[in-house]
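The values are calculated or read from the model by the stated rules, or taken from the named source; none is laboratory data. Just so we're clear, the structure is a prediction, and the values are computed from it rather than from any experiment. Note: ideal-geometry Cβ built from the backbone for every residue, glycine included; neighbour counts use all protein chains shown.
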Amino acid sequence: MEVNGTTNILGSAYLAVEYVDAVFPPNPFQPPLKQAWGYMLDNYTKFQIATWGSLFAHEFFYFMCCLPGFLFQFLPFMQKYKIQQDKPETLENQWKCFKILMYNHFCIQLFLISGTYYFTEFFNIPYEWDSMPRWPYVVAQCFASAVVEDTWHYFFHRALHHRCIYKYIHKVHHDFTAPFGMQAEYAHPAETVILGAGFFIGILLFCNHVILLWAWLAFRLLETIDVHSGYDIPLNPLYLIPFYTGSRFHDFHHMNGTGNYASCFTWWDKLFKTDIQYNKHSLPQEDKKEE
């Protein structure tokens, strides 16, 4: 049953990437990447690669994605792109956020990451360069993983906003009504596990090489840090993704405290009409007066 479901989700994406794979020339960075990958396999065990390599990848991607938004606060010409301009970032809040992040990353997420090696061994997930899928297929797998994670995130995120449990768990993530990139994983430990579980579903369904672990990790961190950035930057390449939420969509969730529950795509919020307040907020002033 799972195999059929996986095939259905990936089918359309694979048809598209087969065309892309045929049109685009070979990756010019492939030789040095192949050499680096071979060095890694020759000098580290699979356990070290899956565990410590994944932890390093998480920390590297997370803070590299946070860096531009962190620097924006010191660049006056970037302030016109800040969504909530009346709520500037403060180093005090960022330091508070950083301390919670370190606890979550090394006391909670590390234990989740430590299961990666056993997962790859149980399902015979290959590490070898020759069995690595071409990049269009990795892109398709990341997109399929994002669809699955977005569904999980929408319903469990919405459940965490229920008045009976909100103040015990999810309220921590809403400490800051004007989000900034580093805040993306600032959350109660229980929320880190509950919402973080959605990340691993795509891995369980689609992973056919360890490279997907890191490619999907990089995309998910880039996406969640972007929507928490607090800045709406023009020519953002992520807006090329169909139905992408974007920073304004999620920024309103933090400002309003409700609605816009999805992580990456807008379709669940549209379907269940949990984006109504955002749509009204986004109307031009003339339209609001007419209402």
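At-a-glance table
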| item | result |
| --- | --- |
| Residue match in segment 236-259 (condition: surrounded by fewer than 22 Cβ atoms within 10 Å (Cβ to Cβ), part of a helix (DSSP H, G or I) and within 13 Å of the chain's Cα centre (by Cα)) | yes |
| Extreme residue, nearest to residue 268 (Cα to Cα), among residues of segment 128-150 that are surrounded by 18 or more Cβ atoms within 10 Å (Cβ to Cβ) and among the hydroxyl-bearing types (Ser, Thr, Tyr) | 145 |
| Condition broken by residue 127, with the remaining ones in (1) in contact with a Leu (Cβ under 9 Å, 6 or more places away or on another chain); (2) assigned to a helix (DSSP H, G or I); (3) modelled with pLDDT of 95 or more satisfied | (2) |
| Index of the failed condition, residue 229 passing every other in (1) surrounded by 15 or more Cβ atoms within 10 Å (Cβ to Cβ); (2) out of contact with any Pro (no Cβ under 8 Å at 6 or more places or on another chain) | (2) |
| Filter result for residue 177 (more than 30 Å from residue 32 (Cα to Cα), at pLDDT below 95 and either surrounded by fewer than 16 Cβ atoms within 10 Å (Cβ to Cβ) or over 15 Å from the mean Cα position of the chain (by Cα) (or both)) | yes |
| Qualifying residue in segment 75-86 (condition: touching a His at 6+ places or on another chain (Cβ under 7 Å) and not in a loop (DSSP other than H, G, I, E, B)) | no |
